[in-house]
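First comes the structure, then the notes that go with it.
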Ligand code: NAD
């Protein structure tokens with residue numbers, strides 16, 4: 001079955017993790033195993049790119065950029081449209097591969113591919129709307145305008161948990177904006193990256209734009225570091241942990257590059273006394289255990305009004321207990337495994353720390369006695385000041401806290417370093433407006449009567465503070481992938497200066 005899947009995705013003959021306009025047959029990097037986290041077994045071996053391979057890939061990417069930037073934007077959009085069509089045709093298979101390599105349930109695996117398709121559709125429309133402004137000049141017979149030009153080859157660094165969707169957030173926009181790109185995926189998910197690259201290669205070959213999309217699977221310390229230091233890449237878009245983002249921000253800023261950072265979250269849901277409790281509980285459950293708590297938008301802190309807290313805890317305990325955990329391939333399973341052994345250990349350490357800091361485990365948290373990296377979701381009674389509550393542990397741990405006033409709830413919610421997503425469940429207009437106001441949530445995403453995870457691509461996605469401040473996907477996120485040029489055009493025979501400055505000779 002797995003071999004058939006690899007065959008349908010054209011992967012049986014590719015074990016190279018390095019591709020520019022064509023695959024590098026024998027890349028110089030180490031060989032890694034792609035593992036199925038539901039069994040711990042190896043799915044395939046992939047040879048990673050070395051730093052020398054990276055150099056070769058980047059040279060080709062720079063050449064491809066010089067050609068690609070001259071292609072009219074709507075024609076670039078046509079290439080992205082064809083990528084969207086190719087992804088539609090492979091949606092099921094690519095989704096299954098995402099499930100196999102990440103342990104997401106099948107619906108989430110396919111949902112991720114749907115997100116790629118949505119991004120392509122969005123970018124096609126955008127390719128005819130890379131608008132600049134016309135600005136009134138203060139000088140007679142002058143005109144000002146703003147235009148947007150391609151930026152250059154973009155470095156795209158992605159995390160394991162959205163192995164293909166995050167690439168598309170970047171790649172679809174970067175491509176219509178006229179940039180070439182080099183993708184460094186997580187070494188945890190090399191197969192899905194190769195599958196995407198194969199699909200894109202077919203489209204690129206049919207459109208004579210080989211080299212626009214390239215791939216360098218490598219470790220952080222070699223390919224990753226080469227990429228972030230590389231002055232040929234004016235933009236590094238990096239998705240991953242806050243620790244990774246700090247390093248990327250520092251290195252890229254030192255060379256005056258631009259970085260687009262999508263980092264860790266520590267998201268909260270506030271449940272107020274007027275909330276529709278049934279709705280809230282459904283929203284909390286998906287946000288807490290979807291993708292086994294391995295979404296950047298996973299709800300990690302639940303801030304519940306003191307009048308409701310016991311009810312909410314009891315209901316969640318019951319929901320957690322009836323949750324079907326198992327092979328993500330099976331129908332009806334809602335929670336698969338964690339990504340690897342280290343993730344299981346990190347979760348156990350966090351739970352131990354929570355207890356040492358005064359928290360109480362109300363439900364779950366144990367490793368399940370079966371192959372692979374399965375755990376029970378954990379519900380922990382906590383206080384906002386506990387250091388572990390301020391950290392993002394990338395596992396299904398939900399800290400529950402109580403509040404008395406909405407001001408206090410918002411203070412607790414904003415009282416962490418990260419600022420990605422937030423939500424309130426309320427039927428009170430004043431509460432929801434307060435939450436969305438300048439003195440409400442300090443996050444990049446603020447939802448009312450919806451959980452913290454599962455964003456649509458139409459909005460700009462990203463967060464504040466330690467989450468990095470970057471915005472990807474919809475709205476005007478495309479602007480980060482272009483350079484802005486302000487132009488002033490004089491059609492008079494005079495040379496008046498701005499601000500009335502006189503410089504007569
Ligand atoms: P990670 O930080 O371990 O790795 C992410 C990527 O960064 C990998 O490709 C890794 O090889 C690379 N990397 C690490 N150090 C690097 C360096 N010095 N130079 C260049 N590249 C480097 O993260 P992960 O475990 O793969 O993913 C989980 C994390 O990602 C969580 O913190 C999660 O919240 C975050 N995440 C954020 C978003 C978002 O949009 N905000 C989306 C998905 C995941």
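Here are the numbers for this structure:
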read-out	value
Condition check for residue 460: surrounded by fewer than 21 Cβ atoms within 10 Å (Cβ to Cβ) and farther than 30 Å from residue 148 by Cβ	no
Out of 283, 257, sole residue that is within 22 Å of the chain's Cα centre (by Cα), in the same structural domain as residue 431 (by the TED database) and under 26 Å from residue 160 (Cβ atoms)	283
Candidates 473, 455, filtered to the one that is within 16 Å of the ligand (Cβ to nearest atom), surrounded by 15 or more Cβ atoms within 10 Å (Cβ to Cβ) and on the phi < 0 side of the Ramachandran plot	455
Condition check for residue 183: within 14 Å of the ligand (Cβ to nearest atom) and in a helix (DSSP H, G or I)	no
Scope region 302-338; condition crowded, with 24+ Cβ neighbours inside 10 Å and under 29 Å from residue 239 (Cβ atoms); matching residues	302, 303, 328, 335, 336, 337, 338
Count of residues meeting criterion [surrounded by 15 or more Cβ atoms within 10 Å (Cβ to Cβ) and not in a strand (DSSP E or B)] in region 416-427	3
Residue check for residue 207: more than 8 Å from the ligand (Cβ to nearest atom), assigned by the TED database to the domain that holds residue 84 and either surrounded by 19 or more Cβ atoms within 10 Å (Cβ to Cβ) or at pLDDT below 95 (or both)	no
Candidates 326, 240 - the one that is within 26 Å of the chain's Cα centre (by Cα), modelled with pLDDT of 95 or more and closer than 30 Å to residue 51 by Cβ	240
Answer residue from region 210-226, given it is within 25 Å of residue 339 (Cα to Cα) and touching a residue at least 40 places away in the same chain (Cβ under 8 Å) and is farthest from the ligand (Cβ to nearest atom) among those	215
Flag if residue 186 is closer than 20 Å to residue 67 by Cα and in contact (Cβ under 8 Å) with a residue 24 or more places away in the chain	no
Which numbered condition residue 149 misses (of (1) in contact (Cβ under 8 Å) with a residue 60 or more places away in the chain; (2) within 19 Å of residue 80 (Cα to Cα); (3) assigned to a helix (DSSP H, G or I))	(3)
Hits in region 337-356 (condition: away from the ligand (no atom under 14 Å from the Cβ) and closer than 16 Å to residue 34 by Cβ)	337
Residue in region 227-268 that is farthest from the ligand (Cβ to nearest atom), counting only those that are assigned to a strand (DSSP E or B) and in contact with a helix residue (DSSP H, G or I) (Cβ under 6 Å, 6 or more places away or on another chain)	268
Given (1) out of contact with any strand residue (DSSP E or B) (no Cβ under 7 Å at 6 or more places or on another chain); (2) within 10 Å of the ligand (Cβ to nearest atom), number of the condition residue 199 does not satisfy	(2)
Failed item in (1) over 18 Å from the mean Cα position of the chain (by Cα); (2) surrounded by 15 or more Cβ atoms within 10 Å (Cβ to Cβ), with residue 85 passing the rest	(2)
Those residues of region 107-153 which are over 19 Å from residue 478 (Cα atoms) and either within 25 Å of the chain's Cα centre (by Cα) or assigned by the TED database to the domain that holds residue 454 (or both), in sequence order	107, 108, 109, 110, 111, 112, 113, 114
Members of region 284-315 that are more than 23 Å from residue 102 (Cα to Cα) and out of contact with any helix residue (DSSP H, G or I) (no Cβ under 7 Å at 6 or more places or on another chain)	305, 306, 307, 308, 309, 310, 311, 312, 313, 314
Hey, residue 43 assigned by the TED database to the domain that holds residue 235, assigned to a loop (DSSP other than H, G, I, E, B), surrounded by 15 or more Cβ atoms within 10 Å (Cβ to Cβ) and modelled with pLDDT under 95 or not	no
Residues located in region 336-381, provided they are within 22 Å of residue 305 (Cα to Cα) and either assigned to a strand (DSSP E or B) or under 26 Å from the mean Cα position of the chain (by Cα) (or both)	360, 361, 362, 363, 378, 379, 380, 381
Filter result (part of a strand (DSSP E or B) and closer than 21 Å to residue 394 by Cβ) within region 152-172	156, 157
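The values are calculated or read from the model by the stated rules, or taken from the named source; none is laboratory data. Fair warning: this is a prediction, and the values are worked out from it, not measured in the lab. Note: ideal-geometry Cβ built from the backbone for every residue, glycine included; neighbour counts use all protein chains shown.
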